[in-house]
Amino acid sequence: MIHVTAYSKTEGLREGLSLDQLTAMDWDWYWVDFEAPTDEEVKLLDTYFNFHPLAIEDCLHNLQRPKLDYYDDHTFFVIHAVNQAELLREEIDIFMGKCSIVTFHKQPAPALETARRILKKSSMDEVDEFFIFYQILDKVVDHYFPIMYKIEDHINEIEDNRRNLSMEMLLDELFDRRSELLTLRQTVHPMRDLLYRILNTHHLDGVRERKEYFADIHDHLIKVADMIASNREMTQDIRDSYLSLNSHQTNRTMQILTVISVIFMPLTFIVGIYGMNFQNMPELKTDYGYFVVWVVMISIAYGMYRWFKNKGWFD
């Protein structure tokens, strides 16, 4: 689908135009959005807009790294949005020309819909292609925060463990959160580098005129990057704590089993001796030998229990 928005002082803001209408009139600026385009629509990037073949090739390949390329009559940007439902990176390609902006994406992009709604409410005296570019970037970055807050809430739930989940389930959830943080970091860090390059370019006059706005987006990216780093450290601390607790519980179990084994060792020795099948054993014909052996074994077991308890092995 191709969505065309254009503006001129005589016609005002128009939406739903065709490319023929776009060519037939003189517009102050226009925005053409390619959403999940067909093969025929993709060809228009070359036949109608005459974009550079390398830029078009980047559009067709999945998940190019966020970048900025300069060509003779347009500038090409690759930015990354994140699907909030599935937490997958989605590429948005932007062609910036004189008084024009063309966006290309293979999946629905909520950030662009939000930018389009803001555009309708804005004063047209302030709007140009760089205003639209700023709104797209701003809304893409703003959509990172709900994802980050959701991951943060999940990490806090794992730390509190109010659901009384087993340690295995907690660790599985923890590693899922770490994987989500890794996906977000692989998106945010290149975007942060791209914004830094945009802020320091000398080729985009419209960026210099709105430098404080683009700097604000860069600040947001730095904030998200810091949140990612902080939460990754938290997940590592929680993981280490759970592993230490698991190791402690294992050592505690082994300690108890060792105490039980040590207590039964002399008892097993005594029972083993009197379980031998010799005919002439001195104590076998003693009237109270059986009871004496029981008293001896119970005394040994109790004495060892008291000794281990005084050592603190049962605390």
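Under a 1.4 angstrom probe, counting protein chains only, how are Leu245, Leu22 ranked by accessible area, largest first? Spell out each step's value before the answer.
Details: Leu245 75, Leu22 10 Å².
Result of the area sort, largest leading: Leu245, Leu22.
Could you pull out every residue, at least 5 positions away or on a different chain, whose amide H is within less than 5 Å of the one on Gln107? Hs are placed 1.01 Å off N in the peptide plane, and Pro or chain starts have none.
Residues meeting the amide H criterion: Ala36.
So what is the relative contact order of the chain, in percent, for Cα pairs below 8 Å that sit 6 or more residues apart? Kindly include the intermediate steps, with their values, before the conclusion.
On the way: 317 pairs, mean separation 37.7, N = 315.
In percent, rounded to a whole number, it is 12.
For region 189-230 and region 57-120, what is the separation of their Cα centres, given in Å?
What the calculation gives is 16 Å, centre to centre.
For region 215-223, just list the computed ³J(HN,Hα) in residue order, Karplus coefficients 6.51, -1.76 and 1.60, θ = phi - 60°, integers in Hz, with x standing in for Gly and Pro.
Ordered by residue, 3J(HN,Hα) equals 5, 5, 4, 4, 4, 4, 5, 5, 5 Hz.
Tell me, what is the percent relative contact order of region 59-199, built from C-alpha pairs under 8 Å that lie six or more residues apart? Could you put the intermediate results ahead of the total?
Values: 142 pairs, mean separation 31.9, N = 141.
Reported as a whole number, the value is 23 percent.
Return the aspartates and glutamates within reach of Lys106: Cα separation strictly under 13 angstrom, same-chain partners fewer than 8 residues apart disregarded; answer none if there are no such residues.
Filter leaves Asp33, Glu35, Asp39, Glu41, Asp58, Glu90, Glu91, Asp93.
Fully extended, how many nm does the chain gain between Thr253 and Ile270 (0.36 nm per residue separation, minus their Cα-Cα distance)?
Details: separation 17, 0.36 × 17 = 6.12 nm, distance 2.66 nm.
Separation in residues times 0.36 nm, less the Cα-Cα distance, equals 3.5 nm.
Can you pull the Rg over Rh of region 183-284, Cα-only, Kirkwood?
Details: Rg = 34.5 Å, Rh = 20.2 Å.
When Rh is taken as the Kirkwood radius, the ratio is 1.71.
For a quick check of understanding: with a 1.4 angstrom probe and all protein chains in place, what accessible area in square angstrom does Glu152 have, to the nearest ten?
60 Å²
What does the accessible area of His218 come to, in Å² to the nearest 10, when a probe of 1.4 Å is used?
Here the residue's solvent-accessible area equals roughly 30 Å².
Take every Cα pair under 8 Å in region 62-119 that's 6+ residues apart, average their separations, divide by the length, and report that relative contact order as a whole percent.
Details: 81 pairs, mean separation 13.9, N = 58.
Normalised by residue count, the contact order of region 62-119 is 24 percent.
At a 1.4 Å probe radius, which order do Met148, Met297 fall into by accessible area, largest first? If you can, show how the numbers build up before the last one.
Details: Met148 0, Met297 25 Å².
Output order, biggest surface exposure first: Met297, Met148.
Among Thr103, His61, Ala81, pick out the residue whose Cα is farthest towards the positive end of the charge dipole of the chain, where Lys and Arg carry +1 and Asp and Glu carry -1 on C-beta, about the Cα centre.
Ala81
Take the cross-link list Lys9/Lys120; Lys43/Lys120; Lys150/Lys223; Lys121/Lys150; Lys139/Lys223 and give me the ones stretching past 18 Å between alpha-carbons. All intermediate terms of the calculation are to be shown ahead of the outcome.
Working: Lys9/Lys120 15 Å; Lys43/Lys120 29 Å; Lys150/Lys223 16 Å; Lys121/Lys150 30 Å; Lys139/Lys223 15 Å.
Going by Cα-Cα distance, Lys43/Lys120; Lys121/Lys150 fall outside the 18 Å limit.
Could you give the dipole magnitude of the chain about its Cα centre, charging the beta-carbon of Lys and Arg +1 and that of Asp and Glu -1, in debye to the nearest 20?
2080 debye
Excluding Asp39 itself, what net charge comes from residues whose Cβ is under 14 Å from its Cβ, given Lys and Arg +1 and Asp and Glu -1? Kindly include the intermediate steps, with their values, before the conclusion.
Values: positive: Lys43, Lys106; negative: Glu40, Glu41, Asp46.
Surrounding charge for Asp39 is -1.
What figure in square angstrom, to the nearest 10, would you give for the accessible area of Arg210 with a 1.4 Å probe?
Approximately 40 Å² of Arg210 is accessible to the 1.4 Å probe.
Per residue, how much accessible area does region 56-185 have with a 1.4 Å probe, in Å²? Walk me through the numbers on the way to the answer.
Details: 6220 Å² over 130 residues.
Per residue, region 56-185 has 48 Å² of solvent-accessible surface.
In debye to the nearest 20, how big a dipole does region 97-213 give about its Cα centre with +1 on each Lys and Arg Cβ and -1 on each Asp and Glu Cβ? Please list the in-between numbers first.
On the way: 18 positive and 21 negative charges, 97 e Å.
Roughly 460 debye for region 97-213.
Among the chymotrypsin sites (Phe, Trp or Tyr not before Pro) within region 4-48, which fall in a DSSP loop and have no more than 16 other Cβ atoms within 10 Å of their own Cβ?
On the way: sites: Tyr7, Trp27, Trp29, Tyr30, Trp31, Phe34, Tyr48; in loops: Trp27, Tyr48.
In loop regions of region 4-48 (DSSP not H, G, I, E or B), the sparsely surrounded chymotrypsin sites (Phe, Trp or Tyr not before Pro) are Tyr48.
Compute the signed sum of charges (Lys and Arg +1, Asp and Glu -1) over the other residues within less than 14 Å, Cβ to Cβ, of Asp153. Provide the component values of the computation, followed by the final result.
Working: positive: Lys150, Arg162, Arg163, Arg177; negative: Glu152, Glu157, Glu159, Asp160, Glu173, Asp176, Glu180.
With Lys, Arg at +1 and Asp, Glu at -1, the neighbours total -3.
Under a 5 Å amide H to amide H cut-off, with H placed in plane at 1.01 Å, what residues pair with Tyr71 once short-range neighbours are removed?
Phe76
Along region 184-197, what does the Karplus equation 6.51 cos²θ - 1.76 cosθ + 1.60 (θ = phi - 60°) give for ³J(HN,Hα), rounded to whole Hz, x for Gly and Pro?
Along region 184-197, the couplings run 5, 5, 5, 8, 6, 4, x, 5, 4, 5, 5, 5, 4, 5 Hz.
The values are calculated or read from the model by the stated rules, or taken from the named source; none is laboratory data. Owing to the predicted nature of the structure, the values given are computational and were not obtained by experimental measurement. In this analysis, Cβ positions are derived from the backbone assuming ideal geometry, glycine residues included, and neighbour counts consider all displayed protein chains. For accessibility, only protein heavy atoms count, side chains too; no ligands or nucleic acids. Shrake-Rupley method; radii C 1.70, N 1.55, O 1.52, S 1.80 Å.
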